[in-house]
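The values are calculated or read from the model by the stated rules, or taken from the named source; none is laboratory data. In this text the structure is predicted, and so the values were computed from the model without any measurement. Don't worry about glycine lacking a Cβ; one is built from the backbone with ideal geometry, like all the others, and counts go over all protein chains shown.
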Amino acid sequence: MAEKFSLKDHLFNADSIGDLAAEYAAAIPGFDAGEFAAACLAGFADRELMDRLDWIADQVEVRLADDFPTMADQLTAAMPPRLDPTRTDDDFGRFIHAVPGILAVRHGMDHLDRALDLLHAATQRFSMEFYIRPFLNAHPDAVLARLSEWARDENYHVRRLVSEGTRPRLPWAKRVDLDPKVPLVFLDQLYADPTRFVTRSVANHLNDIAKNDPDTVVDHLLRWKDQGRQSAKEMAWIMRHALRTLIKDGHPRAMGALGYRSDADVTLVSAAVHPHTIRIGDKAQISVTLRAATDEPVIVDYILDLQKANGTTAPKVFKMKDVVLKAGHDLTITKSHLFKAGATTFTLYPGPQRLTVQVNGQRLGAVTFELTEI
């Protein structure tokens, strides 16, 4: 059996810690790279991913100056070259370079300007989205003023931090106390950014807001579209990505913003799950046949109402197809679905299950099937 992939071991190991040790040793007189690497590795066994990051920061911290301004200078001197400025996406950096952010939060609250300077430099090596948030909570006015400057920074990683660091629901991150509408002034500028790494963050940020305030999100997107400051292709991508949760929920205004009618005259001719009895861990074929009264652009989803351990059900929405139905012509759509065992986000339980077909947010009909043990 193949060994299970371990993200924490992939990110933090002898090679990555050796690279980090070499960077500090080259920049800080007297920094013992071997001793540092050995201390880091010795503490990894019982620590999970984020705890390993804190442990690495612990080992760096005891080898630096006690006063924060000097510590910040040492951390800056030890930084690797900036991430490639010619790339436009998927350049997050290496987790080992999160250390300046961790130590800025620990020691820089009373040295705000120097701490923010450190984060500005560090985010060009590894995103400081987790570490700007405690400063935003402690010093909102000053940090917002700095973010306003950073929204126009020449480095796109800095611009992205303005959006990503203020997201209301940033995964893994500390909550921000900010009113979710406050950072919208930054997004009004950043949505027109030429870099997908930035516009993806803007779309994810709006998707966060949409879960509590959908109309504000739709209003902003429609205004941005009318302004024409972003290319039509990228604006269409931003809208679809920002509205993805609302589309799954069948929100009428979100549907309309993307050119879909929530009251489309579409009929579910048939739906089936084959085989009817599926073993957890196996695949099934989902088949849906639709008919429309007029030519109709549609978003076809299916909703699985999956059994939970307590006997209740939990709905999960899955994308099937975006297509234009032709008037009077039946269209059959098929998709293979893996009923994955041991998924990290949910657990499958045996028993009767239900699949509901959703078109432009309308639930048109449902079929049942059975899951069995592996």
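Being closer than 17 Å to L20 by Cα and either at pLDDT below 95 or in contact with a Cys (Cβ under 7 Å, 6 or more places away or on another chain) (or both) is a description that does not apply to I96.
For region 243-267, filtered to residues that are outside any helix (DSSP H, G or I) and among the polar types (S, T, N, Q), the residue that is modelled with the lowest pLDDT is S262. No other residue among F186, F135 is at pLDDT 95 or above, under 20 Å from the mean Cα position of the chain (by Cα) and among the aromatic types (F, W, Y) apart from F186.
The set of residues in region 317-332 that are over 24 Å from the mean Cα position of the chain (by Cα), surrounded by fewer than 17 Cβ atoms within 10 Å (Cβ to Cβ) and at pLDDT 90 or above comprises V323, V324, K326, A327, H329, D330, T332. Any residue that is in contact (Cβ under 8 Å) with a residue 12 or more places away in the chain, in a loop (DSSP other than H, G, I, E, B) and either in the same structural domain as N212 (by TED's automatic domain parsing) or within 16 Å of P297 (Cβ to Cβ) (or both) - is there at least one of those in region 234-242? No: zero hits.
If you filter region 97-156 down to residues that are assigned to a loop (DSSP other than H, G, I, E, B) and among the hydrophobic types (A, V, I, L, M, F, W, C), you find that the one that is surrounded by the most Cβ atoms within 10 Å (Cβ to Cβ) is M128.
Can you tell me which residue in region 157-168 is surrounded by the fewest Cβ atoms within 10 Å (Cβ to Cβ), limited to those that are more than 20 Å from R106 (Cα to Cα) and out of contact with any Ser or Thr (no Cβ under 7 Å at 6 or more places or on another chain)? Filtering first and then ranking leaves P168. Please verify whether region 156-172 includes one or more residues that are free of Cβ contacts under 8 Å to residues at least 24 places away in the same chain and over 20 Å from K211 (Cβ atoms). No, region 156-172 has no match at all. Does A314 qualify as being over 31 Å from the mean Cα position of the chain (by Cα) and either within 30 Å of L206 (Cα to Cα) or in the same structural domain as D208 (by TED's automatic domain parsing) (or both)? No; evaluated as a whole, the condition is false for this residue.
Per-residue answers, yes or no, for (1) among the aliphatic types (A, V, I, L, M); (2) touching a helix residue (DSSP H, G or I) at 6+ places or on another chain (Cβ under 6 Å); (3) closer than 16 Å to G165 by Cβ; (4) not in a helix (DSSP H, G or I):
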residue	(1), (2), (3), (4)
Q189	no, no, yes, no
P194	no, no, no, yes
S201	no, yes, yes, no
N204	no, no, yes, no
V217	yes, yes, no, no
L221	yes, yes, no, no
K225	no, yes, no, no
